[in-house]
There are 2 protein chains.
Amino acid sequence: MFSPKFDELVQALRTLPSVGPKSAQRMALNLVMKNKIQAEILANALHNAVNSIRSCQKCHSLTEQDVCDICLSIERDDGLMCVVESPADVMAIEQTGSFRGKYYVLGGHLSPLDGIGPDDIGIPALMARLRQGTVQEVILATNATVEGQATAHYLLEACKHLPVKLTRIAQGVPQGGELEYVDSHTLGQAMHHRLQFK
Amino acid sequence: MFSPKFDELVQALRTLPSVGPKSAQRMALNLVMKNKIQAEILANALHNAVNSIRSCQKCHSLTEQDVCDICLSIERDDGLMCVVESPADVMAIEQTGSFRGKYYVLGGHLSPLDGIGPDDIGIPALMARLRQGTVQEVILATNATVEGQATAHYLLEACKHLPVKLTRIAQGVPQGGELEYVDSHTLGQAMHHRLQFK
């Protein structure tokens, strides 16, 4: 509205996830009026990031090198592999600090309606890697959504004949969750997979 | 987490208004994984915007020239001036399509506790402009917040001796508002300033 360059900035900001027209306008005004230095920092950060961050050749997570730090680490267990849908999931699991194995990022989930099959999410390459025999346990950590569950089940079937242990992350009541407000499927799973205390 | 450049991008995105750590991470992943071209477009838009957009010398709204299109327009009424707090308000009023005068952007509101006085929000320059005699009516369109109201009252007092008509935007029940849920001050104002139909 003020100028073509302002409108271009608003349009560019609108392509960010969960940024609508009002938020984009607010961000643009904030950057142009109060945060010019910050805007330049963001512009440079964007430019640098897209030009240096790529997919790890081994696990398909994100890295600035050919192979990511996690894949290269000799302190992490090569025999334990966690299969996730996206690099965001790697991040989430790393933040728990409770996993010391390696990852494999599918980059999505099976979705026949969208034409996304096993080849599109790197399952053949995963199978090839599992056949090498280093991995002893595969933790299927795809999302607990319908598509994530379907992908986990597909992998379970595909790995049946391989000499690897297959596990799936637990489903249950989240920390702080009140039973009254937990959905019945989750509560059913929590009851079914209850842990023995004594 | 993945790489220093990724972290820098997340940090830069976090400085945007209402973007928290999770949103920033989601935006960064989205840009790096799916929208590299879009990221470059955004980087360029940011760079172009901060380097060409500045304050209009006349109204202090935003423009790429010395004086903005609204101030330069000969189709708009020079005798009618709308005083607002920020360029975002100019945008909001322009979107209504119901105002054909000129604007004056204060760039904030009076806030003695934060040390913001009349000089900081360009009131002397506004008074000087009103003294030139072109403006016949000043519409005080500062926010209906405590600070916005105080700023409007200050301007009312300051302009008392000038031969200009002073008006304040109406307060009342918003479109679609249910009386039951409108706060009592607003409803009180709506009753007090009721419009005569017949």
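Within the stretch B:15-87, which trypsin sites (Lys or Arg not before Pro) sit in a loop by DSSP and count at most 12 neighbouring Cβ atoms inside 10 Å? Walk me through the numbers on the way to the answer.
Details: sites: B:Lys22, B:Arg26, B:Lys34, B:Lys36, B:Arg54, B:Lys58, B:Arg76; in loops: B:Lys34, B:Lys58, B:Arg76.
Counting only loop positions with at most 12 other Cβ atoms within 10 Å, the trypsin sites (Lys or Arg not before Pro) in the stretch B:15-87 are B:Lys34.
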Under the convention of a label 7 Å out along Cα→Cβ, give the distances in nm from B:Asp120 to the same position in every other copy, shortest first. 5.5
Return the long-range amide H neighbours of B:Arg168 (sequence gap of 5 or more, or a different chain), with a cut-off of under 5 Å between placed amide H atoms. B:Leu140
Tell me the distances, shortest first, between B:His192 and the same position across the other copies, using label points 7 Å along Cα→Cβ, in nm to one decimal. 6.3
Hey, for B:Ala150 with labels 7 Å out along Cα-Cβ, what do the inter-copy distances come to in nm, ordered shortest first? 5.9
What's the center-to-center distance, using Cα atoms, between the stretch B:39-57 and the stretch A:151-198 in Å? 49 Å
Running a GNM on chain B with Cα contacts under 10 Å, which residue among B:Val138, B:Val50, B:Val83 ends up with the highest mean-square fluctuation? B:Val50
Dimensionless Rg over Rh [the stretch A:84-198; C-alpha; Kirkwood]: 0.99
Scalar couplings 3J(HN,Hα) for the stretch B:131-145 by Karplus 6.51 cos²θ - 1.76 cosθ + 1.60 (θ = phi - 60°), nearest whole Hz, x for Gly and Pro, are 5, 5, x, 6, 6, 9, 10, 10, 8, 7, 10, 6, 4, 8, 8
Within 10 Å of each Cβ in A:25-36, how many Cβ atoms from other chains are there, averaged over the peptide? 6
Calculated FRET efficiency for the pair B:Ser52/B:Lys165, C-beta based, R₀ 35 Å, to 0.05: 0.40
What are the ³J(HN,Hα) couplings of the stretch B:183-194, residue after residue, when phi is run through the Karplus curve with 6.51, -1.76, 1.60 and θ = phi - 60°? Round to Hz, x for glycine and proline. 5, 5, 5, 4, 5, x, 5, 5, 5, 4, 9, 4
Residue by residue through the stretch B:59-74, which ³J(HN,Hα) values in whole Hz follow from phi under the Karplus form 6.51 cos²θ - 1.76 cosθ + 1.60 (θ = phi - 60°), with glycine and proline marked x? 10, 6, 7, 9, 7, 9, 9, 6, 10, 6, 4, 5, 5, 6, 4, 8
Interchain or sequence-distant (5+) residues whose placed amide H lies within less than 5 Å of the amide H of A:Ile116 are A:Ser111
What is the Cα convex hull volume of the protein assembly as shown when expressed per residue in Å³? 242 Å³
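Given the -39500 (n - 2.57) contribution per DSSP H run of 4+ residues, what per-residue ellipticity at 222 nm results for chain A, rounded to the nearest 500 deg cm²/dmol?
Details: 8 runs with 86 residues, N = 198.
It lands at -13000 deg cm²/dmol.
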If you rotate chain A onto chain B, the residue of A with its Cβ nearest that axis, and the gap in whole angstrom, comes out as A:Ala43, 2
Heads up, the stretch A:4-52 by the C-alpha gyration tensor (a ≥ b ≥ c square roots of eigenvalues; a/c under 1.5 rounded, else a/b over b/c prolate, else oblate) looks oblate
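FYI, it's all coordinate maths here, none of it is from the lab. The model shown is predicted, which means the values in this text are computed figures rather than measured ones. Cβ sites come from the backbone with ideal geometry, for glycine too, and all protein chains shown count toward neighbours.
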